[in-house]
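Reading through the structure tokens given below for one structure.
The values are calculated or read from the model by the stated rules, or taken from the named source; none is laboratory data. This structure is a prediction, so every number in the text was calculated from the model and none was measured. A quick note on method: Cβ atoms are made from the backbone with ideal geometry, for glycine too, and the neighbour counts reach across all protein chains shown.
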Amino acid sequence: MPQVTWCGSIADVPLALVEDTVDASERLPVEDLAGVHPRVMRNVQEQLRIEHLFPMQWVVLQRLLPQSGRFGDGVGDVLVNAPTGSGKTLVYALPIVSGLAQAVPQPCVRALVLVPTHDLVQQVEAVFRVLCAGEEVAAVVQLVTAAKDRPPRQTVALRCSAVFITTCGHLLDLLESDAIDLRYLRWLVLDEADRLFQQSGHEWLGRVLRTAGHGSGLMYPPLKPLRKVLLSATQTQEAEHLARLQLQWPVFYAYRWGEGSEGTADNSRPRRLSRAPSTLQSVSVVCAAEAEKLELLLRMAGYVARVGNANRLLSAHDRVVIFTKSVSAAHRLTRFLQLALEQLPHQPCVENDAATGVSAGHVAEFSRQLAPVARARMLQRLRDRSLQYLVCSDVMARGIDVLSVDAVVNYDVPAHVTTFVHRVGRTARAGQSGTCYTLLLERQQAYFEREIQGPALGGDVERVFVHRAHELLEETQRAAVSMHCRRILRAVRLVLEAERWSIVPADEPLSAEWCAYALRYAGSAQESAPQEPEPQARLQQTLHSVALRNWLS
Ligand SMILES: Nc1ncnc2c1ncn2[C@@H]1O[C@H](COP(=O)(O)OP(=O)(O)OP(=O)(O)O)[C@@H](O)[C@H]1O
């Protein structure tokens with residue numbers, strides 16, 4: 001059994017530190033869990049293919065499952081701080097589905113699950129759907145969701161105990177129009193709780209807490225009281241947030257990190273609970289200038305022939321998620337990579353990698369600029385392995401689960417350790433290994449190492465590697481790479497201009513024809529005026545002629 005240590009409290013919430021030293025081979029069999037509905041247990045084992053539980057899952061499920069463990073038929077709220085990819089969704093989905101499947105069905109909302117984004121609504125719904133498979137469970141547990149592409153219904157029509165999964169914004173819409181009744185709520189789950197607290201000025205929380213669970217005693221026999229479950233890899237410890245939640249008999253579960261982590265040796269509360277997964281390696285590459293980051297990315301993506309003994313870095317990874325600082329930065333970088341990876345056989349230093357066959361179609365964008373349906377399609381392509389690089393804004397940083405992602409690149413350095421923990425958590429999930437690369441400017445290096453990477457990796461220097469960008473690019477190739485970079489940037493500018501004129505659709509990968517056209521144009525622009533900025537008049541004339549040609553054809 002995982003060892004649990006109890007610590008002093010903050011805002012009167014006792015802290016339970018869970019030992020994470022259980023060897024993978026010693027993980028606890030899921031079938032040993034008491035109180036799980038037999039069909040739900042079968043779904044976990046056969047559909048989710050989970051046979052053993054992580055220590056945190058075991059400890060928290062003991063607390064949340066009906067009639068299990070020493071806590072009896074669960075009362076009391078739970079806060080969980082466990083690393084990214086440690087299976088927190090199962091920690092609440094299993095007790096909810098199992099509990100509702102075993103209770104007398106009620107025609108009301110019994111569980112409300114709030115997540116920060118529409119993408120997560122769909123992802124969490126998929127897990128619930130798997131757990132609800134089978135007539136005997138599906139007949140008593142109804143799943144209802146509201147997301148951007150699925151507007152809230154006038155009323156959340158209910159035939160049986162409902163699990164309602166949504167975002168705070170959509171919940172507010174429903175509350176506004178009295179389309180949802182939360183009086184008989186048994187479960188209130190805040191997944192990515194610290195992120196939810198930053199949304200909508202907490203308005204949703206007051207509205208929910210004013211009604212949630214208050215009708216349970218009106219039913220006969222009385223329904224079980226409301227339980228709140230808050231989860232995150234960077235859980236809030238703000239006394240103000242905890243006070244607002246009106247928690248009842250709460251326990252805060254967190255991992256006890258190894259010796260050397262602050263404040264865990266005795267029974268005092270650790271100062272920092274959030275860590276990146278212990279299976280993550282962190283590589284930072286220090287660049288002399290912003291432009292060098294693009295050259296480096298080309299090098300890392302295998303665009304330039306292998307040099308010396310340096311590893312091929314990114315091209316050695318199957319699925320890579322690249323984080324940028326904003327939606328527009330993600331779009332520009334996507335176009336850059338799409339143009340760069342479209343093969344240019346006439347360029348001497350370009351590696352025509354027939355083995356991986358990387359092309360523009362293997363790069364896609366994931367940001368709020370895309371409709372939720374398009375974002376879901378991109379995630380599916382990443383899961384299907386028909387995509388190698390996904391360039392994204394921080395909308396991808398929280399919660400998204402794609403097990404095949406084996407590397408994350410922080411193209412723009414994250415401003416805060418919380419952002420770093422969530423970004424790099426898209427790899428090294430569920431005990432798998434993963435690598436994160438952070439591209440840094442020299443002036444950012446000290447701050448990043450001290451304030452971001454250090455705390456996130458708990459000072460574990462064995463998992464940290466530092467390279468200088470110039471070590472990864474051979475001197476003889478630097479001039480050629482830099483020239484390509486400038487050429488591709490000119491092509492990017494042309495494409496962005498074409499998007500503004502609606503000649504090129506901004507939310508689709510560039511066609512091979514457009515890549516070739518833009519690169520040819522960028523090449524000829526360079527010949528006529530190598531150092532000059534693009535003459536606007538000439539660009540517009542070109543776009544006119546392209547539009548006219550397309551129209552005529
Ligand atoms: N006991 C387990 N053994 C193996 N895989 C598991 C186990 N529990 C969950 N998983 C898998 O681990 C992956 C990550 O789970 P999940 O998305 O719930 O993690 P998370 O802790 O919520 O991560 P994040 O903090 O990034 O949201 C999922 O693909 C899930 O199926």
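How do the helices (runs of 4 or more DSSP H) wholly within the range 94-213 filter down when requiring 1 or more residues that are within 16 Å of the ligand (Cβ to nearest atom) and either closer than 23 Å to Arg377 by Cα or at pLDDT 90 or above (or both): which remain? Walk me through it before giving the result.
Values: elements: 118-131, 135-138, 168-176, 193-196, 203-211.
Where helices (runs of 4 or more DSSP H) fall fully within the range 94-213 and carry at least 1 residues being within 16 Å of the ligand (Cβ to nearest atom) and either closer than 23 Å to Arg377 by Cα or at pLDDT 90 or above (or both), they are 118-131, 193-196.
Suppose the filter is modelled with pLDDT under 85 and within 23 Å of Thr234 (Cα to Cα); does Ser326 pass it?
No, not satisfied.
From (1) at pLDDT 95 or above; (2) over 23 Å from Gly87 (Cα atoms), pick out the condition that doesn't hold for Val421. It is condition (2) that Val421 fails. Taken over the range 361-388, the criterion of being in contact with a helix residue (DSSP H, G or I) (Cβ under 7 Å, 6 or more places away or on another chain) and charged (D, E, K, R) is satisfied by Glu365, Arg368, Arg375. In the range 487-507, the residue that is modelled with the lowest pLDDT out of those that are of a type in the set (A, V, I, L, M) and surrounded by fewer than 20 Cβ atoms within 10 Å (Cβ to Cβ) is Ile503.
Residue pairs whose Cβ atoms lie under 7 Å apart, separated by 6 or more positions or on different chains, with the first residue in the range 47-62 and more than 14 Å from Asn81 (Cα to Cα) and in a loop (DSSP other than H, G, I, E, B) and the second more than 10 Å from the ligand (Cβ to nearest atom) and modelled with pLDDT of 95 or more, are Glu51/Gln45.
Collect the residues in the range 30-40 that are in contact (Cβ under 8 Å) with a residue 24 or more places away in the chain and more than 13 Å from the ligand (Cβ to nearest atom), keeping them in residue-number order.
Pass one, the range 30-40, residues in contact (Cβ under 8 Å) with a residue 24 or more places away in the chain: 33-37, 39-40.
The answer is Ala34, Gly35, Val36, His37, Arg39, Val40.
Considering the range 387-486, the qualifying helices (runs of 4 or more DSSP H), each wholly inside and each with 3 or more residues that are surrounded by fewer than 17 Cβ atoms within 10 Å (Cβ to Cβ) and away from the ligand (no atom under 16 Å from the Cβ), run over 442-447.
Modelled with pLDDT under 95, buried (at least 20 other Cβ atoms within 10 Å of the Cβ), within 18 Å of Ala301 (Cα to Cα) and within 16 Å of the ligand (Cβ to nearest atom): does that describe Leu339? Break it down into steps so the answer makes sense when it comes.
Numbers: modelled with pLDDT under 95: yes; buried (at least 20 other Cβ atoms within 10 Å of the Cβ): yes; within 18 Å of Ala301 (Cα to Cα): yes; within 16 Å of the ligand (Cβ to nearest atom): no.
So Leu339 does not fit the description; no.
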